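These notes concern the structure reproduced below.
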Amino acid sequence: MGYYSYNRGGGFLSSIPPAIKNIIIINILVMIMTALNQQYMMSHFALFYPTSPFFKPWQIITHMFMHGGFWHIFFNMYTLFIFGCVLERIWGTKKFLIFYFVTGIGAALLHTGVQFIESQVYLSQIADGSQQAAAAYQALEYTPTVGASGAIYGVLIGYAMLFPDSVLTLIFPPVSLKAKWFVLIFAVIELLTGISSIRSVGGGIAHFAHLGGMLFGWLLILYWKKRNRMY
């Protein structure tokens, strides 16, 4: 069924599946490089809206390895380690990497799609002489998006679809629920907060990127199941 056996004789690091280990290492290295030269790293490798002068095509991938601070990268990599290791051991490295990048890129596409809708509203208001809309549109073009969160949410829904009845417990609040209900609650929260904050200017959490990761992860797993290529 695609299960892989990893040598545990070399210690903790050797027990981590290769894709997970390398993704975490790359994220940490990029975080260090960003700390050393934040302006260069952000302007070249964070994701900008396509009409921004900072936009480059490779950003749709590179933004997945950048983060906005210690806790941002810590929680993303911790979640990746906890749930991603399970998926990679079941699917194998190649299939897991396909899933990871499809969900991460899908997250960026949905996020950019929502930005496009926002931009059309702003441009319409700018045509009517709105200075506030002009400021909002400029913020949209110049605000970078960073983080692996879209792919991480994809990993979460992947885990929930493979192990829907496994019980997960949050540290705070100490609540235990089946994985399928946790992921459903997360999706509803992201949708509601995304809608409520869609007109906020100048950044914040990219809720629709999270939803995009979940959506593309769900669709990819449905496709694999339909084609009998799940394992």
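With respect to the conditions (1) crowded, with 18+ Cβ neighbours inside 10 Å; (2) closer than 18 Å to Leu222 by Cβ; (3) among the aromatic types (Phe, Trp, Tyr), Tyr137 lacks only one, and its number is (2). Flag: Ile82 does not match the condition of being part of a helix (DSSP H, G or I), aliphatic (A, V, I, L, M), without any contact (Cβ under 8 Å) to a residue 60 or more places away in the chain and in contact with a strand residue (DSSP E or B) (Cβ under 9 Å, 6 or more places away or on another chain).
Please go through segment 42-59 and pick out each residue that is under 30 Å from Val86 (Cα atoms) and outside any helix (DSSP H, G or I). Listed by number, the residues that qualify are Ala46, Leu47, Trp58.
The set of residues in segment 17-41 that are crowded, with 19+ Cβ neighbours inside 10 Å and assigned to a loop (DSSP other than H, G, I, E, B) contains only Pro17.
Cβ-Cβ distances below 6 Å connect the following pairs, each with a first residue in segment 201-225 that is among the β-branched types (Val, Ile, Thr), a second residue that is modelled with pLDDT of 90 or more and buried (at least 16 other Cβ atoms within 10 Å of the Cβ), and a separation of six or more residues or different chains: Val201/Ala136; Ile221/Met161. Asp165 fulfils the conditions (1) touching a Leu at 6+ places or on another chain (Cβ under 8 Å); (2) under 30 Å from Trp224 (Cβ atoms); (3) free of Cβ contacts under 8 Å to residues at least 24 places away in the same chain except for a single criterion, (1).
Table: residues versus (1) closer than 23 Å to Pro53 by Cα; (2) aliphatic (A, V, I, L, M).
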residue: Gln115; (1), (2): yes, no
residue: Ser119; (1), (2): yes, no
residue: Tyr122; (1), (2): yes, no
residue: Ala127; (1), (2): yes, yes
residue: Ala139; (1), (2): yes, yes
residue: Tyr142; (1), (2): yes, no
residue: Val146; (1), (2): yes, yes
residue: Gly150; (1), (2): no, no
residue: Tyr153; (1), (2): no, no
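The helices (runs of 4 or more DSSP H) falling completely within segment 135-228 that include 1 or more residues that are within 17 Å of Thr79 (Cα to Cα) and modelled with pLDDT under 90 map to 179-196, 207-226.
Just a yes or no: is a residue in segment 93-103 surrounded by fewer than 23 Cβ atoms within 10 Å (Cβ to Cβ) and polar (S, T, N, Q)? Looking through segment 93-103, at least one residue is surrounded by fewer than 23 Cβ atoms within 10 Å (Cβ to Cβ) and polar (S, T, N, Q). When each of Tyr100, Tyr122 is tested for being in a helix (DSSP H, G or I) and over 30 Å from Leu162 (Cβ atoms), the lone residue that passes is Tyr122.
The values are calculated or read from the model by the stated rules, or taken from the named source; none is laboratory data. Please read these numbers as outputs of a predicted model, since none were measured by experiment. Note that each Cβ is placed from the backbone with ideal geometry, even for glycine, and that neighbours are counted across all protein chains shown.
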